[in-house]
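Have a look at the structure below, then the notes.
The values are calculated or read from the model by the stated rules, or taken from the named source; none is laboratory data. None of the values given here were measured: they were computed from a predicted structure. Note: ideal-geometry Cβ built from the backbone for every residue, glycine included; neighbour counts use all protein chains shown.
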């Protein structure tokens, strides 16, 4: 999660790269084992004989290794680490402005993060920020820069000392080990999950927690609620001072949660887990599905938890194919019979991707109407209108039928979310257009018509996700398209996508509304999409992952 920036830890290209942002040119280079940045201020007075104001420094730290890499440079007094304004996207193998990797309103002024008091809280182990407010100096310390053993097992000095002093070949008993070190799987479900929740949650930090000096008091195995209780949007009054704080920051909860309190951004998974009915039963924990030592590093799912076994361990009645089919109304081996896809759909946004909700729930159209959170059925059946889902859930599970408008009754829900939704809904839709189960259920021939429109979206993160999904269909992405470029600085990409689509795709294939029926050409596609685009939810949205 955080390492010293060296050629061995950095995947980004530093060889002679020149980047420009807000009037500053950044020249990247390698010098032996150091990665360096030279910053040159542009637009100096024409009549000045002096060279451009410049400053050169080494890159101090790097965060991330799976999706993107974020970099930090020394700045100010002490060992302050300030965010570099560009991010390396690993899938694309390119630099992009840091601000373009988030869902933030166009024109949002990005301010550099300070590692010592932001990312370090969860991306390091045993942090002590040591902020000297009076002198404006940081002298931060960390047991380890990344997420290491003690992040989950607690301080290890007693364990190391005891093992070193133990007779050769002796093996400690379980009770002896518990006295030396914390083993999360031996804690009860709540305490075990709190080990993960210390980082993977949104917590309330009041003034009695002096974390800016010596760090947080919490250690694995402690009661997390005693020092930094969870913020649950449905229980605001449970925390003294929170409502007053929110009155001064009215948009805060909406930056993290859907309106019913379900998590909307990554990094807050424990808030959702703690609100799940399975967790309230007392036996379900993060370790019911995840393993840090017996898993692939990308998602940390335990080897025997990558399929329905994760849920059947507690719900054995669905263990047979016949029982599963009766419950899901889908074929046993299909994606529609995977518990995750219905009860943990990808309704959370983070790191230019959609990730699974961690609050176990049932798909309900009523919840979508109340919160805007897409229902699980529509995220697979992108080509079906919301009314189809509503009727199906009423038939299968006796859910009440909801009152829907004409668009919800007739237009493919994937297209409606992508063209009419807010920026977060559009991002989720763009990702699902590239999701294999959704493509198999919905067909792929019509998806580029929607993705083409999203290439011109005002939010850069939505454009990135649309570009990634469209690349699955070779030959449709306009030559030289760059999601970082603002839409008003280049010709619309949608028209070119639609033109190319007409030259490569059979227009006789069945098409969902608004594209159903014979399509005359690219202009006809625009005319059909335009009413949805004109009804788009343009409210400024900032998702704080």
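Here's the yes/no breakdown for (1) crowded, with 19+ Cβ neighbours inside 10 Å; (2) under 16 Å from residue 342 (Cα atoms):
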{"site": "370", "(1), (2)": "no, no"}
{"site": "376", "(1), (2)": "yes, yes"}
{"site": "379", "(1), (2)": "yes, yes"}
{"site": "387", "(1), (2)": "yes, no"}
{"site": "393", "(1), (2)": "yes, yes"}
{"site": "396", "(1), (2)": "no, yes"}
{"site": "405", "(1), (2)": "no, no"}
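In region 64-85, the qualifying residues are those that are more than 15 Å from residue 111 (Cβ to Cβ) and under 19 Å from the mean Cα position of the chain (by Cα), and the one that is surrounded by the fewest Cβ atoms within 10 Å (Cβ to Cβ) is 66.
Screening the candidates 500, 468 for the property of being more than 19 Å from residue 100 (Cα to Cα), in a helix (DSSP H, G or I) and touching a residue at least 24 places away in the same chain (Cβ under 8 Å) yields one hit, 500. Looking across region 113-130, the residues that are in contact with a helix residue (DSSP H, G or I) (Cβ under 7 Å, 6 or more places away or on another chain) and either modelled with pLDDT of 95 or more or in a loop (DSSP other than H, G, I, E, B) (or both) come down to 125, 126, 127, 128, 129, 130. Looking at region 127-136, can you tell me whether even one residue there is surrounded by 15 or more Cβ atoms within 10 Å (Cβ to Cβ) and farther than 17 Å from residue 75 by Cα? Within region 127-136, one or more residues are surrounded by 15 or more Cβ atoms within 10 Å (Cβ to Cβ) and farther than 17 Å from residue 75 by Cα.
Counting only residues that are in a loop (DSSP other than H, G, I, E, B) and either surrounded by fewer than 16 Cβ atoms within 10 Å (Cβ to Cβ) or in contact with a strand residue (DSSP E or B) (Cβ under 8 Å, 6 or more places away or on another chain) (or both), region 516-536 holds 6 of them.
Residue 206 passes every criterion in (1) touching a residue at least 12 places away in the same chain (Cβ under 8 Å); (2) within 30 Å of residue 178 (Cβ to Cβ); (3) outside any helix (DSSP H, G or I) apart from (2).
Is one or more of the residues making up region 144-161 farther than 30 Å from residue 81 by Cα and not in a helix (DSSP H, G or I)? No; the residues of region 144-161 include none that is farther than 30 Å from residue 81 by Cα and not in a helix (DSSP H, G or I). Going through (1) assigned to a loop (DSSP other than H, G, I, E, B); (2) touching a strand residue (DSSP E or B) at 6+ places or on another chain (Cβ under 7 Å); (3) surrounded by 24 or more Cβ atoms within 10 Å (Cβ to Cβ) one by one, residue 428 falls short only on (1). Please tell me if residue 479 is over 18 Å from residue 106 (Cα atoms) and in contact (Cβ under 8 Å) with a residue 12 or more places away in the chain. Criteria not met by residue 479.
The set of residues in region 64-107 that are out of contact with any strand residue (DSSP E or B) (no Cβ under 7 Å at 6 or more places or on another chain), in a strand (DSSP E or B) and more than 16 Å from residue 483 (Cβ to Cβ) is empty.
Being in contact (Cβ under 8 Å) with a residue 60 or more places away in the chain and in a loop (DSSP other than H, G, I, E, B), is that true of even one residue in region 43-63? No: region 43-63 contains no residue that is in contact (Cβ under 8 Å) with a residue 60 or more places away in the chain and in a loop (DSSP other than H, G, I, E, B). Scanning region 407-425 for residues that are crowded, with 24+ Cβ neighbours inside 10 Å and over 18 Å from residue 349 (Cα atoms) gives 411, 412, 413, 415, 416.
Answer yes or no as to whether residue 512 is touching a residue at least 24 places away in the same chain (Cβ under 8 Å), in contact with a strand residue (DSSP E or B) (Cβ under 6 Å, 6 or more places away or on another chain), under 30 Å from residue 406 (Cβ atoms) and in the same structural domain as residue 429 (by TED's automatic domain parsing). Against the criterion (touching a residue at least 24 places away in the same chain (Cβ under 8 Å), in contact with a strand residue (DSSP E or B) (Cβ under 6 Å, 6 or more places away or on another chain), under 30 Å from residue 406 (Cβ atoms) and in the same structural domain as residue 429 (by TED's automatic domain parsing)), residue 512 qualifies.
Conditions tested, residue by residue: (1) surrounded by 15 or more Cβ atoms within 10 Å (Cβ to Cβ); (2) in the same structural domain as residue 72 (by TED's automatic domain parsing); (3) in contact with a helix residue (DSSP H, G or I) (Cβ under 9 Å, 6 or more places away or on another chain); (4) modelled with pLDDT of 85 or more.
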residue	(1), (2), (3), (4)
12	yes, yes, no, yes
20	no, yes, no, yes
30	yes, yes, no, yes
37	yes, yes, no, yes
41	no, yes, no, yes
45	no, yes, no, no
